[in-house]
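Let me give you the structure first, and then I'll get to my questions.
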Amino acid sequence: EEARREAGRCLDCDQICSLCVGVCPNVALMTYETAPVRATLPVLAVSNGALLAEGSTPFAVDQRLQVAVLTDLCNECGNCVTACPTSGRPYPDKPRLYLDRADFEAQASNSFMLVGDGAIEGRFDGATHRVQRGADGPLEYAAPGFRALLDRSTFSVLDATLTDAPDGALLTTQPAAVMATLLAGITGS
């Protein structure tokens, strides 16, 4: 009987919570809305100066409401960690948005910068990636080793050009999918 009462109290925190946003004394966390996304992202191999399909990897964003960190306002006080009902760590784990270029570039991963004109840059494994979206048409993706035009909804490669990727390198569009989804959610909320 007690277990049924407790289960009846479920607030669906896995779908919407944002307690961290409410307890932040610096207003450094924000909730934004994003459309669910499901795609199969290509993995490309560099072979003899050409890009070949090597496989794929799934990409999904199921939760409609997301949280991002405005790093210039965050002093890493830990209130969001204390309040998180799922024992999460919002300020280091959620997408981190930067205003200062030097601070952005000092990060190895999980840092993002809106750069205007429908563009976002992100740091992944110590390298900067960029997605540009125009009003219509494909996404323009610039990554270490290659540039690509990607379908806006499926992230499939429409055209790609190698820049400096060595033979045997495996390339993925996953950073592009992450950045495009984040950009759409933040600018659309």
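Once you sort the root eigenvalues of the Cα gyration tensor of the chain as a ≥ b ≥ c, which label holds: rounded (a/c under 1.5), prolate (a/b larger than b/c) or oblate (the other case)?
prolate
Roll a 1.4 angstrom probe over the protein heavy atoms and tell me the percent of accessible area of region 98-176 that is carbon or sulfur.
49
To continue, here is another question. Kindly provide the trypsin sites (Lys or Arg not before Pro) of region 93-189 that DSSP labels as loop, not H, G, I, E or B, and whose Cβ sees at most 16 other Cβ atoms within 10 Å.
Arg152
Taking the Cα-to-Cβ direction at Thr40 and at Gln107 and moving 7 Å from each Cα, how far apart do the two end points lie in nm?
It is 3.2 nm.
What spacing in nm lies between the two simple spin-label points modelled at Leu52 and Asp164, each 7 Å away from Cα in the Cβ direction?
Rounded to a tenth, the inter-label distance reads 2.5 nm.
Let me ask another. By how many degrees, 0 to 90 and rounded to 10, does the Cα axis of helix 174-188 deviate from the longest principal axis of the chain?
50
Next question. Quick one: which residues, 5+ away or cross-chain, put their amide H under 5 Å from the amide H of Glu54? H built at 1.01 Å from N.
Val43, Leu44, Ala45
To continue, here is another question. Any idea what % of Cα-Cα pairs in region 88-128 are farther than 13 Å?
Tail of the P(r) past 13 Å holds 50 percent of the pairs.
Shifting gears a bit: Any idea what the relative contact order of the chain is, in percent, if you count C-alpha pairs under 8 Å spaced at least 6 apart?
Answer for the chain is 21 percent.
Right, another one. For the chain, modelled as a Gaussian network with Cα springs under 10 Å, which listed residue fluctuates most, Val81, Val67, Val131?
Ranking Val81, Val67, Val131 by mean-square fluctuation puts Val81 first.
Would you work out which of Phe59, Tyr32, Ser47 lies farthest towards the positive end of the dipole of region 1-62, given +1 charges on the beta-carbon of Lys and Arg and -1 on that of Asp and Glu, about the Cα centre?
The one lying farthest along the dipole's positive direction is Ser47.
Can you tell me how much longer the chain between Thr86 and Asp100 gets when fully stretched, taken as 0.36 nm per residue apart minus their C-alpha distance, in nm with one decimal?
Stretched fully, the Thr86-Asp100 segment lengthens by 2.0 nm.
Report the label-to-label distance for Thr128 and Thr31 in nanometres (one decimal), using points 7 Å from each Cα along the Cα→Cβ vector.
3.4
The values are calculated or read from the model by the stated rules, or taken from the named source; none is laboratory data. Every value quoted in this text rests on a predicted model; they were computed, and no experiment measured them. With ideal geometry, Cβ positions are generated from the backbone for all residues, glycine too; neighbour counts draw on all protein chains shown. In case anyone asks, the SASA skips ligands and DNA or RNA and just uses the protein heavy atoms, side chains included. Shrake-Rupley method; radii C 1.70, N 1.55, O 1.52, S 1.80 Å.
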